[in-house]
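Read through the structure below, which is laid out as structure tokens, and then see the notes.
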């Protein structure tokens, strides 16, 4: 990782005065910067705060909010809870995976534009099936609607209608 990337981490750590008790906000800020928590960055944070690397990794792996693998610019969360499942959320997942050339093992597009995550509940059961793209909630989504939403983002991002 280039030295300049560690400079940003140093800024974040210094913002919190190297306070060990601020580990979670530090990790949140780092993730906001990089879209995930790279292993070498977590080790650097541990050294900078004088805490064991296992503690940093433990916190990062405990909270679902933190990502330990690279994530795309746009995060698509699909609800797979009971109401959404019954209303066809698996069809949305299949359609999106097919359109974005993703699998159950591969969650992020090669161009780092999209990551698909499945979640247990998005708290909008009355709108099932529900999908969230970044912070925008979409209810009663069909597979065609899901693909159209993704294609609209693709066009806005790079004018590429053919895919990720």
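Rule-based calculations on the coordinates, nothing more; no lab input. All figures in this text were calculated on a predicted structure; none of them were measured in a lab. Neighbour counts run over all protein chains shown; Cβ positions are idealised from the backbone, glycine included.
Remark: 41, 13, 155 ranked as 155, 13, 41, counting other beta-carbon atoms within 10 Å and listing the fewest first. Report the paramagnetic label zone for residue 82: residues of the stretch 110-152 whose backbone N is under 20 Å from a point 7 Å from Cα along the Cα-to-Cβ axis. Answer for the stretch 110-152: 119-131, 140. For the chain, the longest principal axis of the Cα atoms and the long axis of helix 89-100 meet at an angle of about 70 degrees.
Between the helical axis of 143-158 and the longest alpha-carbon principal axis of the chain there is an angle of about 50 degrees.
To the nearest ten degrees, helix 3-15 and the longest principal axis of the Cα atoms of the chain are 80 degrees apart. In a fully extended conformation the segment linking residue 40 and residue 64 would gain 6.7 nm over its present Cα-Cα distance, using 0.36 nm per residue. Measuring max minus min along each principal axis, the C-alpha atoms of the stretch 3-62 give extents of 26, 23, 18 Å (largest first). Dividing the summed helix terms, -39500 (n - 2.57) for each DSSP H run of n ≥ 4, by the number of residues in the chain produces a 222 nm estimate of -14500 deg cm²/dmol to the nearest 500.
When restricted to Cα atoms, the stretch 74-158 yields an Rg and a Dmax of 11.8, 36 Å, respectively.
For the stretch 107-150, the spread of Cα coordinates along the three principal axes comes to 34, 22, 15 Å, biggest extent given first.
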